[in-house]
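Right, one structure below, let's go through it.
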Amino acid sequence: MAYALQQLINGLTLGAVYGLIAIGYTMVYGIIGMINFAHGDIFMVSAFIAVTAFTLLAAFDITSLPLAITAVLIVAIFFTSAYGWAVERMAYRPLRGSTRLAPLISAIGMSIFLQNMVQLTQGARVKPIPPVIEGGIVLWTTPDFTVQIAWTQILIILVTVVLMVAFTWLITQTSFGRQQRACEQDSTMTALLGINVDRTISLTFMLGAALAAVAGVMVTVYYGVVDFYIGFVAGIKAFTAAVLGGIGSLPGAMLGGLLIGLIESFWAAYLSAEYKDVATFAILILVLMFRPSGLLGRPEVEKV
Amino acid sequence: MSAVIVARHARTPTERFKDAAWVAFVALLLGIPMVGMTTVDQGGALVVTTRFGVLAAFVAASFAGRFAFRWVMDQYRTRRDAKSTTVKVDRTAKVVQVLGWGILGVALFLPAMYSDNRYVVDTATTVLIYVMLGWGLNVVVGLAGLLDLGYVAFYAVGAYTYALLFTHFGWTFWEALPAAGAMAATFGILLGYPILRLRGDYLAIVTLGFGEIIRVILVNWTELSNGPNGIGSIPRPTLFGLPFERNPAEGEQSFATFFGLEFSGMHRIIFLYYLILVLALLTNLFVSRLRKLPVGRAWEALREDEIACKAMGMNVTNVKLSAFAIGAMLGGFAGVFFAARQGFISPESFTFSESAIILAIVVLGGMGSQMGVVLAALVLVLLPELGRNFAEYRMLLFGTAMVLIMVWKPSGLLSSREPTIRLAKASAMGGQK
Amino acid sequence: MSAATLLSVENLTMRFGGLTAIDDLSLSVPAGKITAIIGPNGAGKTTFFNCLTGFYKPTTGSVRLAHPKRGEMRLETMTGHRVARDAQVVRTFQNIRLFPKMTVLENLIVAQHNRLQDASRFSIAGLFSLPGYRKAEVEALKTAVHWLDRLGLTGIADTAAGDLPYGTQRRIEIARALCVDPVLLCLDEPAAGLNPRESAELNTLLLSLCREEGIAILLIEHDMSVVMNVSDHICVLNYGRKIAEGTPLEIRNDPQVIKAYLGEDDESEPATLIGGNA
Amino acid sequence: MKKTLIATAFLALGAQINLAHADLTVAIAGPMTGQYASAGDQIRRGAEMAIADINAKGGVLGQKLKLEVGDDACDPKQAVSVANTMVNKKIVFMHGHWCSSSTIPASEVYQEADIPMATVSTNPQVTERGLKNVFRIMGRDDQQGLVAGEYLADKFKGKKIAVVDDKSAYGKGLADEMAKALNGKGVKPTLRESITAGEKDYSGLVTKLKQAGVEVLAYGGYHTEVALILRQAQQAGLKLTVMGGDTMTNSELVTAAGASADNVMFTFSPDPRKNPDAAPVVKRFRDAKVEPEGYVMYAYAAMQLFEQAATQAKSTKFADLEKAMRGGSFKTVIGDMNFDAKGDQKKPGFVVYQWKGGQYDYAAK
């Protein structure tokens, strides 16, 4: 029981990170209907920015933890959004209105580019930072197992919940949200109504990148080790999460992320760690067989 | 890299200057965290070092590059606008045909021109493997319009089928080839079945997942696949039973002894090259012919409009499954050849990035275009190879090139479609009867 | 109504969640005649077509087809493609669904897929171009050429369908449906977007198809100049229910219909106003 | 236009390769890019220094050495391509590849072209295939697994031991051998698990280890994952001692795992930096700001091996070199080298090391 609880905490933390990245996929998919394959690498870029920022802060002897984390978050969000903007501008905007596959290939190219750019400029070695937050709370002690939740895990789950609420508000209540949803429905019509579609799409990419930036900072704080390869693995998992939850749906992305985190943890905990990826994808396929638009996706009525 | 931004027409020098300044500013923003700073490991802890000189150079290069690019583009546009009255005759079909024969000619005589250069022949072999894979995937993606991000799974199934049939039952290349094709086709149907209802990007992620499932199983099911150690000592194909070996088994002939030649490793390389050339050409013939058959037309119709297909009484399930099966089978054949050529296979050769490259070949080539696949395979395989001189920059250039080609030609290098039947020709045929 | 009944729909109901799109609809379509279904937007006309042609599975009710060669068939139990393949009930779409990158001729050949596919014997006969397949291919081409001529499309047979003007695309869609060899042809707003001249041509075409080829036609249409001129029989739907049925003349004067289209108090000439609705 | 472009491309390839060489060309190959690029970097630095030193002394048989670097990114297909490039460049000796899965297919290309190779790949298959051109200057997984397993069985009697690998050819081979050695000593591992390299979250594994009361982790794989496991174990309040293989020599482990790296032990050949004969070379590396860790000294030694073998054989022809290498004894910075019939080291001599305060040293015997 205690063991299961611990695995639940692990799974939730992992799932929260996947969820944060998955929202980026889902938002971009919602608005222009493309899989932004480079999104995982945007997340990786932000993790590197976080490493640099943390190291700089340490060099200036800024030790106040809330200050440091806030500063790093701001820096990471700022620069990563710039990357999100630039990627859209360079690799996707010229392809708007072409076939569905063209932006996908461009995105794969962008992903290769970003990985290698980071490898070249930042080096191939892993980047470790000293633990930022240490310790945690002991939740439950049984004779043979102690359930702990680390402060970082609490931080990640909290931040995710806050962002989730904030984004739901942003999309449903603000004028930007309305514009964004309007573009999702029909971008030509939206443009005719005098809304700057290009700007809305750019903003969406920047917001997606900002969320990836938060995820990048959280991962840096939590795992403490970053390399140029992390974007690929996390990207695929997050993409799977977005689809599982129903691509285009914000709560769906979060739910998908959490589910994948939990499936991975519990499969590895009770069955075999070797086949946990097989389990994840098999469950995805099963879900899609019965709900072809994912768990929370709006079922696509065959419009005849 | 910033030079990709194709903005509105900047005509006046001031506008051009402003535009370039904006690009330089973006370059600065992007450059600060990546180019301007880096962390280095010093005695067990990271320290930030700055490279503001490099950053300045990067920003300056972006500015200059953008400025020059816009200038050239403007010149080009002015000139093009001036000439725009001349009507362009679409001769793509003719050009493609000539190009095709040209490339075939080069392909046929390539080993003769480079008979002592195993690198060239071997690289050409790699190109041909990708051409074959591209033609196979073209059936699924280009013709039937089903996005498949896990094509490498079938390539793996083919390769492992041969490797296992050989290790356990001693099957030769030629015996295993059809078996592996059938096996891969079976897997194609296996994948196709549960996902018939899925569309577009849902299909993409499921196929991606399928590819990963196959790879993870190959890594973990050690009893079957020998796990990450892979399977080695896979025999090379023989020429009508003549092996390409220095020391043939007692009482047997090898290629070299049979023809009274001195043994050379090049014989086998060249033989493998011609073998894949023949396999690829057969694939091309096969796919081109299928395209003109009901099943091929049904694939294209499916790509165009699935609902209309149903309304025409077409069994969409069968059409999809046949596309998956045929595509998978061709991938399986390529896999057998790959296993035979490498002599050693392990799950590392069948990762997602492989699927991505094959898909990129199909899309860059121009979906559905057989000749486009050839061009794209040439570009995507030769680029990293030529890039070997640039060492660590080569994959960077590769990624950049993928983006640039896509932006330059969003519908692929060769995007014109050749009808499968023409009224004029067809009536002539019908009239003779 | 002396002609034999080709299609009889009984107590058909289609619900989407709480919404009842078709409510207990019964009607019959005579063989060899043109039957029109009219009604205001959202009356459930296209939903009815979808139930008929296997795209939706009706919640309750039955759709019986008296197939001239194959006997009685229950269309509501048949899935998607089987309605077109086995029952030969073929439809067109309100928002034209051609195969846009394929040529007009290819569109027409694809429509004959089932016959060709059978002849190609799992593509084996096709791959080697065996005589059986060659014969089927020539037949298919003949059929295609016949309809190309009939609808005046011969000159553009080798042009990609998607590149052609709207009116032409409508004709191609009808030609493609005819290549399936239908016993019942269901046309969903074939006149939408056509200019008056094209509408008039459509009238002639529909009449000749019906009178000369004996194909029964079921028509959804808003353009009253088409409906009133070609239909033998009209059925009016509103909110998923049948509110009137009869000859054009009867419908023209039916108070229920006038109410559905115009509301209570209007006294203008109904036909023109109904026409204006398109 | 396009046709000429392609023709030019091929011509360019050809031209690039057919340059005349007056010098002797030797080559290294390994992952210069990709996930394991840091190992490739070590190899290059070692080889460059060695060649500079050899050339400073007048080269080999009066000819200067020229170095070619091949990048296989640990991808078997690229490895074959690199091998073919190297054959065309008429190299006389190859140090590489690094990943076993690259070395195996590439070695067949070198064998056909009569090029001797000295590799640090540890998978037994590398030398078990009877190829005459393959020499291994490092121990084998089965040897290092045996040393590690027996050490654990002796030193950690009664403690619960888990054996984990990362599903790579190298990691799994090593872990299997460690498990075998433990079983041989009558110790049954409490857990046998695999993880996926390249992920970041190993909290599931850590929790599992904690639940099972495991104190010692015998790990087959690379240092990056070990660092992550240690960090996450510390967060979960689990103290782990890790036993790994030669990849744990990488100092990234310490940077990444911090203080908990002190609990990492590993097997490696006797530290070349402790070899008194190598002291001048070590000093030269350090002067050049290169820490001669990991594969740096091996790459240096591989070049020394070639130099001495060629000098002894008075030839760089394959048959002569092969005979000299198989029969001779060579003094290198990593100690004396002698090869057996398979091409393995006669006395590979694995030793157990332990990290302490950012340095590694022999573990307590």
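The values are calculated or read from the model by the stated rules, or taken from the named source; none is laboratory data. Note that this is a predicted model, so its numbers are computed, not measured. Positions of Cβ are backbone-derived with ideal geometry, glycine not excepted, and every protein chain shown enters the neighbour counts.
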Worksheet, complete the sentence: Counting only residues in segment D:85-119 that are part of a helix (DSSP H, G or I) and among the hydroxyl-bearing types (S, T, Y), the one surrounded by the fewest Cβ atoms within 10 Å (Cβ to Cβ) is identified as D:T85
Response to the item:
Flagged in segment D:96-123 as farther than 29 Å from D:A175 by Cα, at the interface with another protein chain (Cβ under 10 Å from one of its Cβ atoms) and not polar (S, T, N, Q), in numbering order, are D:V109, D:E112, D:A113, D:D114
Discussion item. So D:A212 ticks every box in (1) surrounded by 24 or more Cβ atoms within 10 Å (Cβ to Cβ); (2) facing chain A (nearest Cβ under 10 Å) but one. Which box is left unticked?
Written reply: (1)
Discussion item. Looking at segment A:144-162, can you tell me whether even one residue there is assigned to a loop (DSSP other than H, G, I, E, B), touching a Phe, Trp or Tyr at 6+ places or on another chain (Cβ under 6 Å) and of a type outside the set (K, R)?
Written reply: no
Worksheet item: Has segment C:36-53 got any residue that is surrounded by fewer than 21 Cβ atoms within 10 Å (Cβ to Cβ) and of a type in the set (D, E, K, R)?
Response: no
Worksheet, complete the sentence: Subset of segment C:206-222, residues surrounded by fewer than 18 Cβ atoms within 10 Å (Cβ to Cβ) and either more than 17 Å from C:Q88 (Cβ to Cβ) or in contact with a strand residue (DSSP E or B) (Cβ under 8 Å, 6 or more places away or on another chain) (or both), comes to C:L207, C:S208, C:R211, C:E212
Item to complete: Scan segment A:268-286 residue by residue and report those that are surrounded by fewer than 21 Cβ atoms within 10 Å (Cβ to Cβ) and more than 10 Å from chain B (Cβ to nearest Cβ).
Response: A:Y270, A:L271
Worksheet item: Any idea which residue in segment B:42-56 is farthest from A:T55 (Cα to Cα), counting only those that are small (G, A, S) and more than 13 Å from every other protein chain (Cβ to nearest Cβ)?
Response: B:A56
Item to complete: Kindly provide the set of residues from segment A:176-199 that are under 17 Å from A:L250 (Cα atoms) and not aromatic (F, W, Y), ordered by number.
Response: A:G177, A:R178, A:Q179, A:Q180, A:R181, A:A182, A:C183, A:E184, A:Q185
Item to complete: Could you tell me whether B:V157 is over 17 Å from B:L378 (Cα atoms), touching a Phe, Trp or Tyr at 6+ places or on another chain (Cβ under 6 Å), in a helix (DSSP H, G or I) and not basic (K, R)?
Response: yes
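Let's see how each residue does on (1) more than 29 Å from the chain's Cα centre (by Cα); (2) surrounded by fewer than 24 Cβ atoms within 10 Å (Cβ to Cβ); (3) at the interface with chain A (Cβ under 10 Å from one of its Cβ atoms):
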| position | (1), (2), (3) |
| --- | --- |
| D:G220 | no, no, no |
| D:H223 | no, no, yes |
| D:I229 | no, no, no |
| D:T241 | no, yes, no |
| D:G244 | no, no, no |
Discussion item. With the requirement that a residue be more than 24 Å from D:G145 (Cβ to Cβ), at pLDDT below 90 and under 19 Å from the mean Cα position of the chain (by Cα), what does segment D:286-308 give you?
Written reply: D:V290, D:E291, D:P292
Practice prompt. Scan A:I260, A:I236, A:I247 and give me the residue that is touching a Lys or Arg at 6+ places or on another chain (Cβ under 7 Å), under 16 Å from B:I205 (Cβ atoms) and not charged (D, E, K, R).
Written response: A:I260
Fill in: Condition check for B:L147: in contact (Cβ under 8 Å) with a residue 12 or more places away in the chain, part of a loop (DSSP other than H, G, I, E, B) and assigned by TED's automatic domain parsing to the domain that holds B:G365
yes
Item to complete: Being farther than 13 Å from C:Q88 by Cα, of a type outside the set (A, V, I, L, M, F, W, C) and part of a loop (DSSP other than H, G, I, E, B) is the filter here, so list the residues in segment C:19-54 that pass it.
Response: C:G32, C:K33, C:G39, C:P40, C:N41, C:G42, C:G44
Practice prompt. Out of A:V225, A:V214, report the one residue that is in contact with a Ser or Thr (Cβ under 9 Å, 6 or more places away or on another chain), aliphatic (A, V, I, L, M) and within 14 Å of another protein chain (Cβ to nearest Cβ).
Written response: A:V225
Practice prompt. From (1) at pLDDT below 90; (2) within 32 Å of the chain's Cα centre (by Cα); (3) not acidic (D, E), pick out the condition that doesn't hold for B:T85.
Written response: (2)
Discussion item. So C:D163 passes all but one of these: (1) surrounded by 22 or more Cβ atoms within 10 Å (Cβ to Cβ); (2) more than 23 Å from the chain's Cα centre (by Cα). Which condition number does it fail?
Written reply: (1)
Item to complete: Return yes when B:R236 is in a helix (DSSP H, G or I), over 30 Å from A:L286 (Cβ atoms), away from chain A (no Cβ under 14 Å) and basic (K, R) and no when it is not.
Response: no
Worksheet item: Only one of (1) under 30 Å from D:E293 (Cα atoms); (2) at pLDDT 90 or above is not met by B:M37, so which one is it?
Response: (2)
Worksheet item: So C:F122 clears everything in (1) hydrophobic (A, V, I, L, M, F, W, C); (2) assigned to a loop (DSSP other than H, G, I, E, B); (3) touching a helix residue (DSSP H, G or I) at 6+ places or on another chain (Cβ under 7 Å); (4) more than 7 Å from chain B (Cβ to nearest Cβ) except one condition, right? Which one?
Response: (3)
Worksheet entry | Residues within segment A:228-265 that are among the polar types (S, T, N, Q), more than 12 Å from chain B (Cβ to nearest Cβ) and assigned to a helix (DSSP H, G or I), tallied | 1
Fill in: Any helices (runs of 4 or more DSSP H) falling wholly within segment B:253-314 and containing at least 3 residues that are away from every other protein chain (no Cβ under 13 Å)
B:255-258, B:265-291
Worksheet item: Is it the case that segment C:55-65 has a residue that's in a loop (DSSP other than H, G, I, E, B), free of Cβ contacts under 8 Å to residues at least 40 places away in the same chain and either assigned by TED's automatic domain parsing to the domain that holds C:S225 or more than 11 Å from C:A21 (Cβ to Cβ) (or both)?
Response: yes
Worksheet item: Within segment B:192-199, can one find any residue that is under 22 Å from the mean Cα position of the chain (by Cα) and either assigned to a helix (DSSP H, G or I) or assigned by TED's automatic domain parsing to the domain that holds B:K292 (or both)?
Response: yes
Worksheet item: Got a number for residues in segment B:357-375 being facing another protein chain (nearest Cβ under 9 Å) and within 17 Å of A:L95 (Cβ to Cβ)?
Response: 6
Practice prompt. Being at pLDDT 85 or above, out of contact with any Gly (no Cβ under 6 Å at 6 or more places or on another chain), more than 30 Å from B:L177 (Cα to Cα) and assigned to a helix (DSSP H, G or I) narrows it down to one of B:L386, B:L404, so name that one.
Written response: B:L404
Discussion item. If I go through segment C:67-99 residue by residue, how many of them are surrounded by fewer than 16 Cβ atoms within 10 Å (Cβ to Cβ) and aliphatic (A, V, I, L, M)?
Written reply: 0
Item to complete: Mind checking which strands (runs of 3 or more DSSP E) fall wholly inside segment D:120-228 and carry at least 1 residues that are more than 30 Å from D:F306 (Cα to Cα) and of a type in the set (F, W, Y)?
Response: D:216-220
